[in-house]
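J.: Here you go, one structure.
The values are calculated or read from the model by the stated rules, or taken from the named source; none is laboratory data. Model, not experiment: these values are computed from the prediction. Cβ sites come from the backbone with ideal geometry, for glycine too, and all protein chains shown count toward neighbours. These accessible areas exclude ligands, DNA and RNA; they are computed on the full protein's heavy atoms, side chains included. Shrake-Rupley method; radii C 1.70, N 1.55, O 1.52, S 1.80 Å.
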Amino acid sequence: MDQNEVDFLKRLQATFRVEAEEHVQALRTGLLELEKAPTPAERAALVERVFREAHSLKGAARSVSLREVETVCQALEGTFAALKREEIDLSPALGDLFHRAVDAIALLVAAAGVERTTAERAAARDLIRQLGEAASSGSTAVGLAHDPEAPRSGAGGGAPGQPATPPREESIPAAGEGTQHAPPEGQFGPAGSIRIPSFKLDPLLLQAEEMIAAKMAASQRVADMHEISRELAVWQREEALRTDRHAGTGERLLALHGRAVAVTQTLEKDQRRLRRMVDEHLEAVKQVMMLPIATLVEVMPRLVRDLARDQGKEVELVVSGAELEIDKRILEELKDPLIHLVRNCVDHGIGKPEERAAAGKPRRGTLTLSFGATVGRQLEVTVADDGAGIDAEKVRAAAIRSGAVSPEQAGKLDPGATLALIFRSGVTTSRIITDISGRGLGLAIVREKVERLNGTVAVESVAGRGTRFRLLLPLTLATFRGVLVREGEQLFVLPSVNVERATRALPEEIQTVENRETIRLDGQVLSLVRLRDVLGMSVRAAKPERGGAGDGVPGTPVPCVVLASGDARIAFRVDAVLDELQVLVKGLGRQLSRVRNVAGATILGTGQVVPVLNAADLMKSAVRAPAAVRAAAVEPAAARTGTILVAEDSITSRTLIKNILETAGYRVTTAVDGADGLMQLRAGDFDLVVSDVDMPRLSGFELTERIRADKKLADLPVVLVTALESREDRERGVEAGANAYIVKSSFDQSNLLEVVRRLL
């Protein structure tokens, strides 16, 4: 062939590869459905379908001179024909052979035009021989031992030294012989569509996203012109009031102001047109880059089948919502986490048939993959199995054994926090290490990948009923809505999808529960943390500007942003909530591929670079952060004033608390129990009460209730310091009216002093 013919064949083979991939996937899907033991009618329809797919693929391969693909397809087609005539049965061994043949076809298609090695040709001949033997095992009339090295004569051909025996083909439409190929210069799919390689679309999406910066800059220029127009108007009024102004100055200012207004109006018009064009173009390109989740899950049935077969298990995969379309980049990043979760459910979750039968369950386990879009425009992915569930005690023991938590820490974890330990690296309940699991890395990788996408992952499990993993991810990547906040002189962007609400709280509404500041919203007590403390900002960097919210000034509302990640909610205190805007997220570069609490950066219309924060990281950092991180900024003892009553029946605790407060400069009076404390409160003048809870005659809860019921004492701050740390006790303290609740097991003098300082 001359060079033109060679080039033409290469283009034709490229077109063939696209078509062949569809046939290969259809073959795999049909084979998996056949193994589910369908009814006779369903089985006949499935056999007919895979038979036709093999036949069509054979014809397509022949048209582009890919003889090896054609020969394997012919052998596969003949075996399917024998199945169709019910001359052979679909045994597990034959099913494995079919899958091997389809895998071989996929490899041959991917390497079309590449010279095969001797070993590869031998493997292909062996596979064809096995297919021929399988087809002829029920009828000697079917001979398919076709050697790809032998010369082709008609439709059949024989192995070396054997007579050629044409395969017995069923009636197939002529279109199956490859007459539906697309022209070599274009790759056309169904009517009204055209196939374009995704790598050609990626730059278009990036360019469209870059236009957001131009849109934001245009908005900023309009704002600048408005400000110039306002200043000119003020100047004009001032000049008009001067009696000694130069002749003609007022007229020139009036003309200049008119021109500024005209330019501003033109800019506004251009900015609106640009905004519409950018938004429409970006949305159109995004839609092109949206792919159905089905393109990702199409490999899952085969994966589940192979894993189950290797472990002697029976597993049925149920998929729903795969028609949902999401950003191609999200789809690519989701693949690994999904595979890890599926492998985990098959390996750890679903037991062997005899084990399930003994537990009163069907011998075949069910693995469910479901996909959907939430109201907040997030992708919700659920991976669930109906296995034995996760043993929380085994997880706790494994976490202690791996060093992920100490025995003391593990003992304080509630069931949900205990289950979350499975996402820690090195934590595994597997008794042995296999090629599938046992190293404690799979679920850690899942969490890392999901959080890198600004998503969350959670797990629920019920003993004897199964386990459910829930992933929440953005539907699109790179561009999203963000809330712009200020902390000191620094701006930050929080993803809107994680912002439940922005609110304001009065300093007197902020209470301390278990050594942490809290606010009550919608009847629920939420932790309140300072964003600057979580981010570790220096005092200088976090210093509020003039006119800011201040730091606990009585009566001054405190801006807060409530973040939600999974089922958790935490309020973050900031200096100001400024705006919500669409932003383009940029990575921090290879050197900063993973920075805690930071997902990337964006550029505002002013040109200022602003960090985009990672909501999941912030939530975890907020939980780990100490309650009083500003101990270094505590005022000198001489500057502190106030008289405090300490009610405590334990002389040791009473003396300790008294010494801490007196060393800090406060005047302290003690009471031996709640009743004694109430009597002293009514007789004296105090600024604050520190009380134990479990005391004779009058408990700390009752003392607090009596204080709130007394008109003279109703506004007196009360701090409860107690060994009672259950959720019910904390809630009872809040309901009684306590301003702070400090648990003795985590007692620290800086915690107490910080709370007292704030309340006084």
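J.: For a protection proxy built on the mean count of beta-carbon atoms within 10 angstrom, sort 666-678, 496-508, 222-234, 93-105 highest first, please.
T.: In descending order of packing, they fall as 666-678, 93-105, 496-508, 222-234.
J.: For the peptides 256-264, 716-724, what is the packing order when you average, over each peptide's residues, the other Cβ atoms within 10 Å and list the highest mean first?
T.: 716-724, 256-264
J.: Quick check on packing: order 356-367, 406-417 by the mean number of other C-beta atoms within 10 Å, highest mean leading.
T.: 356-367, 406-417
J.: Determine the order of Lys352, Lys215 by accessible area, beginning with the largest, at a probe radius of 1.4 Å.
T.: Final ranking, largest accessible area leading: Lys352, Lys215.
J.: Next up: Give me the extension gain from Asp224 to Leu107: residue separation times 0.36 nm, minus the current Cα-Cα distance, reported in nm with one decimal.
T.: 36.1 nm
J.: So, in nm, how far is label Thr643 from label Gln409 when the simple model puts each one 7 Å beyond its Cα toward the Cβ?
T.: 4.5 nm
J.: Obtain the nm distance between the two label points defined at Ser370 and Val595 by a simple spin-label model: each point lies 7 Å from its Cα along the Cα-to-C-beta direction.
T.: The modelled label-to-label distance comes out at 4.0 nm.
J.: Still on this structure, please answer the following. Just how much of Lys449 is accessible, in Å², when a 1.4 Å probe is used and the result is rounded to the nearest 10?
T.: 50 Å²
J.: Note the full-extension length gain between Asp710 and Val525 as 0.36 nm times their separation in residues minus their Cα-Cα distance, in nm to one decimal.
T.: Gain on stretching Asp710 to Val525: 64.1 nm.
J.: How far apart, in nm, are the 7 Å Cα→Cβ label points at Gln680 and Arg465?
T.: That separation, rounded to one decimal, is 5.2 nm.
J.: Accessible area of the stretch 653-753 with a 1.4 Å probe: how many percent of it is carbon plus sulfur?
T.: 46 percent
J.: Also: Treating only the Cβ atoms of Lys and Arg (+1) and Asp and Glu (-1) as charged, compute the dipole magnitude of the stretch 455-498 about its Cα centre; round to the nearest 20 debye.
T.: 280 debye
J.: I need the phi-derived Karplus couplings for the stretch 46-58: 6.51 cos²θ - 1.76 cosθ + 1.60, θ = phi - 60°, integer Hz, Gly and Pro marked x.
T.: Ordered by residue, 3J(HN,Hα) equals 5, 4, 4, 5, 5, 4, 5, 4, 5, 5, 5, 5, 4 Hz.
J.: Considering amide H positions built from the backbone, and no H for Pro or chain starts, which residues 5 or more places from Asn515, or on another chain, come under 5 Å of its amide H?
T.: Tyr741, Ile742, Val743
J.: Moving on. Just the ratio, please: alpha-carbon radius of gyration of the stretch 659-716 over 2.2 N^0.38 Å, N its number of residues.
T.: My calculation over the Cα atoms of the stretch 659-716 gives 1.11.
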